[in-house]
Amino acid sequence: MKNFSFILLFLFGMLLTTQAQYITPGNSQAYTLDDLVDLSGGTVSFENGSFIINNALTISATDTLKITEATVLKIAAGLRPEFFGSIISNPENGEVIITAVDTITAGQGFDGLRFEDSQANYIANTRITHGGGIQLIESEATFEYCTFIHNSSSNTSSVISYSNCSPIIRYCRFVENERSAIGSGANTEGSPQIYFNEFIHNTNDNSNRPQLNLGPGAVDSIYIVGNYVEGFNDNAGGISISSLVGVGNTKAVVSGNTIVNNRYGYAQIGNNISSRISDNILAGNNIQNDPMLGGSGLNFYGTTTTNKAIIRNNIISGNLWGITTQEIVDINLGTAMNPGGNVFYENGNTGETYAFYNNTAEDVSAIGNYWGTNDLAIAETYIFHQPDDGTLGLVTYEPIKTLEPEFLSFDLLALNNPQLENNISGTVNPDNFTVTLEVPAGISLTNLIPTYTVELGISGDPASEVAQDFNENVVYTLSTPHGSEAEWTVIANQQSATYDLTFMVEDEEGLALAGAEITLEGIGTQSTNDSGISVFESLEPGTYTYEVLVEAYEAVNGSVEMIDEDLTELVVMDIFVNLAEAKTEAIQIYPNPVQDILQIKGLTAESNTIKILDLQGKVVFETRHFSANSIHVNHLSRGEYVLIVENNDTVQKLKFIKK
């Protein structure tokens, strides 16, 4: 009887165990949370406006959990949903919140999310809090616009822990999590793409872990670009890439990041690592304040020269050490052909300035950097190397980069000033420390946003892209880290309003006259186009006199007053009449219209000049010393023409039509 009771209890326990989990069928279906409520037999429920995962949940290979609406998903303490299939969490509006059922009692968080051999995961606009971290094992995942806050290390040592995969993490926020925000193991490979995220006060347990704790890379490069990494806990560093057990061949791009107030800024530890470190700000990474334990803006530690880095155009300031190298590494801080462009200032400890401490026997090229001074002799004192200890490698740093408080450019960009049609580039004059802006008429000077550039390391007050009232001159103060300062005066000149003057030239019958020469006093001469039009552009207000000349037409003189708008001036030209009072009888022509031969009656002079003009004033026929009484016109095209007869006494004109 006892044995039978035991069997019944065992079977009942097995039944409870079976009912205490739900595994999707693996039939290549997409499931919503509502679907899981209906199918899971209580593993997933909906209570008081939230979905709740009460028991173990597995999304099988080929299946997908799809969340497309703003949702609160709560997960019971100790549970860790597993994904062999995939998840798509991307609400059309609002956000998905994945959190614990109990977010108040210590130790009641859920154990995170686990992905293994899971592909095509996309998590966006999702907040994950009070969980044990996300574990990615050979799984593809993209995270965008997510927030990770107050997560523990009950399941992983990082909020996102990856193994033999390369997640994409963009535009996310990691805030006050117990351990590192992103990390991987020492014996696995992965090349995460980490773009434009915020990492604030992570490693909240104050363990000796950086906020980004990355292991060896995979075939592709690791990208850490455009992130903001702010520390608070004095044992936690900023970013570390390490390769300690001979796994992989790591390549990394670390660019455009701001790394501030950590125990150290960036550390590259181990061998078989090649990185390019550029355009970062590494400042104030000194919060532990123990130079024997950290405080470097950049630190490199290796045992062979396969720990390599090219370092360009970084600002490294306010750290206990600017850059430190240990054991054997191969870094390049600048060459004659490719200067470093790095800016070091105010790095130091125990009363000494240490821009670069080369604690290796390797020589380092560090040409073209600013070391916190324009004085070469002082720069030498900021670099600890062979002259200070004969066992150390030599740092070649000449010529150094110098800084002067000068503008490189000062512009008003249409992108930032919608009232502008085009960008305005200021004229920078370093001789008298002025910038002159020529602002078009009609543009208010009251609220313009300037954009200026200076050499890396120069600070300006007011800052670039801060609106100013340019009705009065604006003074900008530029300063170098070594204390040189200059005041610049920015002058905005309001250009006078200008307008266009359009001439339309035609004959008395309203036909356009091409080639008319129009002289505008003080401006110049232009000719009309085939439509009889000529435009004088950008004239300031005022009165302008003009003269219009067309061959075979009387000259026209006039004036026009430009006040506050564009104007059009119509000029009607008259064909020449007698230049002198005619002493002969009027000349006659016939037949009119004419086909072949035009007869001329009344010529009394022995020598005449005969011209035939079309109505655009173009001479199509001309002969001198003419004394006959007819002209062949069969070569002319159909249309109207003007016959001009000139002699010493008179000029007469007659119109005719060629058939």
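Name the residue that is farthest from A497 (Cα to Cα), counting only residues in segment 441-462 that are open to solvent by 50 Å² or more (accessible area, probe 1.4 Å) and either among the acidic types (D, E) or in a loop (DSSP other than H, G, I, E, B) (or both).
Step one: filter segment 441-462 for residues open to solvent by 50 Å² or more (accessible area, probe 1.4 Å), giving 442, 444, 446-447, 453, 455-456, 459, 461.
Right, trim to either among the acidic types (D, E) or in a loop (DSSP other than H, G, I, E, B) (or both) and you get 442, 444, 446-447, 455-456, 461.
Numbers: G442: 7, S444: 13, T446: 18, N447: 20, E455: 36, L456: 39, D461: 32 Å.
Once the filter is applied, the top-ranked residue is L456.
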query = Of the residues in segment 357-413, how many are farther than 21 Å from F300 by Cα, under 37 Å from the mean Cα position of the chain (by Cα) and either of a type in the set (V, I, T) or surrounded by 15 or more Cβ atoms within 10 Å (Cβ to Cβ) (or both)?
reply = 15
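Might you let me know whether segment 180-188 holds any residue that is under 19 Å from I128 (Cβ atoms), touching a residue at least 24 places away in the same chain (Cβ under 8 Å), in contact with a Lys or Arg (Cβ under 7 Å, 6 or more places away or on another chain) and not in a loop (DSSP other than H, G, I, E, B)? Reasoning before the result, please.
Of all residues in segment 180-188, those under 19 Å from I128 (Cβ atoms) come to 180-184.
Subsequent filtering for residues that are touching a residue at least 24 places away in the same chain (Cβ under 8 Å) retains 180-184.
In the following step, the residues that additionally are in contact with a Lys or Arg (Cβ under 7 Å, 6 or more places away or on another chain) were identified as 180.
Still in the list and also not in a loop (DSSP other than H, G, I, E, B): 180.
Yes; the residues of segment 180-188 include at least one that is under 19 Å from I128 (Cβ atoms), touching a residue at least 24 places away in the same chain (Cβ under 8 Å), in contact with a Lys or Arg (Cβ under 7 Å, 6 or more places away or on another chain) and not in a loop (DSSP other than H, G, I, E, B).
If a residue must be in a loop (DSSP other than H, G, I, E, B) and within 21 Å of the chain's Cα centre (by Cα), how many such residues does segment 245-259 contain?
The initial filter retains those residues of segment 245-259 that are in a loop (DSSP other than H, G, I, E, B), namely 245-249, 256-257.
From the residues that got through so far, the ones that are within 21 Å of the chain's Cα centre (by Cα) too are 256-257.
Within segment 245-259, residues that are in a loop (DSSP other than H, G, I, E, B) and within 21 Å of the chain's Cα centre (by Cα) number 2.
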note = Those residues of segment 617-655 which are in contact (Cβ under 8 Å) with a residue 60 or more places away in the chain and either touching a Leu at 6+ places or on another chain (Cβ under 6 Å) or assigned to a loop (DSSP other than H, G, I, E, B) (or both) amount to G617, K618, V619, V642, D649, T650, V651, L654
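Condition check ((1) of a type in the set (A, V, I, L, M); (2) crowded, with 23+ Cβ neighbours inside 10 Å) across all residues:
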site	(1), (2)
S161	no, yes
N164	no, no
V175	yes, no
G217	no, yes
S221	no, no
G226	no, no
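Mind listing whichever residues of segment 376-386 are within 17 Å of T325 (Cβ to Cβ) and either part of a loop (DSSP other than H, G, I, E, B) or of a type outside the set (V, I, T) (or both)? Give the derivation first.
So in segment 376-386, the residues within 17 Å of T325 (Cβ to Cβ) come out as 382-386.
Residues satisfying the conditions are Y382, F384, H385, Q386.
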note = Inside segment 242-266, the number of residues satisfying the requirement of being touching a Phe, Trp or Tyr at 6+ places or on another chain (Cβ under 8 Å), open to solvent by less than 10 Å² (accessible area, probe 1.4 Å) and closer than 18 Å to S191 by Cα is 3
remark   = Picked from segment 610-659 (must be buried (at least 16 other Cβ atoms within 10 Å of the Cβ) and polar (S, T, N, Q)), the residue nearest to A586 (Cα to Cα) is Q652
task = Would you check if E537 is closer than 30 Å to N342 by Cβ, of a type outside the set (K, R), out of contact with any Cys (no Cβ under 6 Å at 6 or more places or on another chain) and not in a loop (DSSP other than H, G, I, E, B)?
result = no
task = Hey, could you check segment 594-609 for residues that are open to solvent by 60 Å² or more (accessible area, probe 1.4 Å) and under 20 Å from G639 (Cβ atoms) and say which is farthest from the chain's Cα centre (by Cα)?
result = I597
Residue ID - surrounded by the most Cβ atoms within 10 Å (Cβ to Cβ), chosen from residues in segment 89-134 that are closer than 19 Å to S161 by Cα and among the acidic types (D, E) = D111
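Somewhere in segment 497-519, is a residue within 44 Å of the chain's Cα centre (by Cα), part of a loop (DSSP other than H, G, I, E, B) and farther than 30 Å from E472 by Cβ?
From segment 497-519, those within 44 Å of the chain's Cα centre (by Cα) are 497-502; that's our starting set.
Filter again for part of a loop (DSSP other than H, G, I, E, B), leaving 497-498.
Pick out the ones that are also farther than 30 Å from E472 by Cβ and you get none.
Among the residues of segment 497-519, not one is within 44 Å of the chain's Cα centre (by Cα), part of a loop (DSSP other than H, G, I, E, B) and farther than 30 Å from E472 by Cβ, which makes the answer no.
Considering segment 19-54 alone, what residues qualify as being surrounded by 18 or more Cβ atoms within 10 Å (Cβ to Cβ), assigned to a loop (DSSP other than H, G, I, E, B) and touching a Ser or Thr at 6+ places or on another chain (Cβ under 8 Å)?
Correct list: T24, N54.
Can you report the number of residues in segment 515-532 which are of a type in the set (A, V, I, L, M) and either touching a Pro at 6+ places or on another chain (Cβ under 7 Å) or surrounded by fewer than 17 Cβ atoms within 10 Å (Cβ to Cβ) (or both)? Before you say what the answer is, go through the steps one by one.
The first filter runs over segment 515-532 and keeps only residues of a type in the set (A, V, I, L, M), leaving 516, 518, 520, 523.
Next, only the ones that are either touching a Pro at 6+ places or on another chain (Cβ under 7 Å) or surrounded by fewer than 17 Cβ atoms within 10 Å (Cβ to Cβ) (or both) stay: 523.
The number of residues fulfilling the criteria is 1.
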remark   = Residues of segment 290-318 being in contact (Cβ under 8 Å) with a residue 40 or more places away in the chain, assigned to a loop (DSSP other than H, G, I, E, B) and open to solvent by 10 Å² or more (accessible area, probe 1.4 Å), in sequence order, are P291, G294, N313
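Rundown of residues vs (1) at pLDDT below 95; (2) open to solvent by 40 Å² or more (accessible area, probe 1.4 Å), yes/no style:
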{"position": "H482", "(1), (2)": "no, yes"}
{"position": "I491", "(1), (2)": "no, yes"}
{"position": "Q494", "(1), (2)": "yes, yes"}
{"position": "T498", "(1), (2)": "yes, yes"}
{"position": "E506", "(1), (2)": "yes, yes"}
{"position": "L513", "(1), (2)": "yes, no"}
note = If we keep only residues of segment 189-215 that are within 16 Å of I281 (Cα to Cα) and open to solvent by 10 Å² or more (accessible area, probe 1.4 Å), then the residue farthest from the chain's Cα centre (by Cα) is I200
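Scanning for something open to solvent by 80 Å² or more (accessible area, probe 1.4 Å), touching a residue at least 12 places away in the same chain (Cβ under 8 Å) and assigned to a loop (DSSP other than H, G, I, E, B), does segment 424-438 turn up at least one residue? Before the answer, list the steps.
From segment 424-438, those open to solvent by 80 Å² or more (accessible area, probe 1.4 Å) are 425, 427, 431-432, 438; that's our starting set.
Still in the running and touching a residue at least 12 places away in the same chain (Cβ under 8 Å): 425, 438.
Checking which are assigned to a loop (DSSP other than H, G, I, E, B) leaves us with none.
For segment 424-438, residues open to solvent by 80 Å² or more (accessible area, probe 1.4 Å), touching a residue at least 12 places away in the same chain (Cβ under 8 Å) and assigned to a loop (DSSP other than H, G, I, E, B): absent.
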ask   = Can you tell me which residues in segment 387-399 are in contact (Cβ under 8 Å) with a residue 24 or more places away in the chain and assigned to a loop (DSSP other than H, G, I, E, B)?
value = T391, L392, G393, L394, Y397, E398, P399
query = Restricting segment 319-333 to residues that are surrounded by fewer than 24 Cβ atoms within 10 Å (Cβ to Cβ) and not aliphatic (A, V, I, L, M), which is nearest to G265 (Cα to Cα)?
reply = Q326
ask   = Mind checking which residues of segment 343-352 are within 17 Å of D388 (Cα to Cα) and either under 34 Å from the mean Cα position of the chain (by Cα) or surrounded by 20 or more Cβ atoms within 10 Å (Cβ to Cβ) (or both)?
value = G348
message = Condition (residue is among the aromatic types (F, W, Y) and touching a residue at least 60 places away in the same chain (Cβ under 8 Å)) applied to segment 338-352: is it met by at least one residue?
response = yes
Whichever residue in segment 68-84 is without any contact (Cβ under 8 Å) to a residue 40 or more places away in the chain and outside any loop (DSSP other than H, G, I, E, B) and, among such residues, is surrounded by the fewest Cβ atoms within 10 Å (Cβ to Cβ) = V72
query = For segment 267-289, how many residues are of a type in the set (V, I, T) and surrounded by fewer than 22 Cβ atoms within 10 Å (Cβ to Cβ)?
reply = 3
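Would you confirm, using the coordinates I've provided, whether V475 is open to solvent by 20 Å² or more (accessible area, probe 1.4 Å), closer than 30 Å to I315 by Cβ and out of contact with any helix residue (DSSP H, G or I) (no Cβ under 6 Å at 6 or more places or on another chain)? It would help to see each step written out before you state the result.
On the way: open to solvent by 20 Å² or more (accessible area, probe 1.4 Å): yes; closer than 30 Å to I315 by Cβ: yes; out of contact with any helix residue (DSSP H, G or I) (no Cβ under 6 Å at 6 or more places or on another chain): yes.
Spelling it out, V475 is indeed open to solvent by 20 Å² or more (accessible area, probe 1.4 Å), closer than 30 Å to I315 by Cβ and out of contact with any helix residue (DSSP H, G or I) (no Cβ under 6 Å at 6 or more places or on another chain).
The values are calculated or read from the model by the stated rules, or taken from the named source; none is laboratory data. Predicted, not measured: the structure shown is a model, and the values here were computed from it. Every residue, glycine as well, gets a Cβ built from its backbone with ideal geometry; the counts of neighbours run over all protein chains shown. Calculation scope for accessible area: heavy atoms of the full protein, side chains included, ligands and nucleic acids excluded. Shrake-Rupley method; radii C 1.70, N 1.55, O 1.52, S 1.80 Å.
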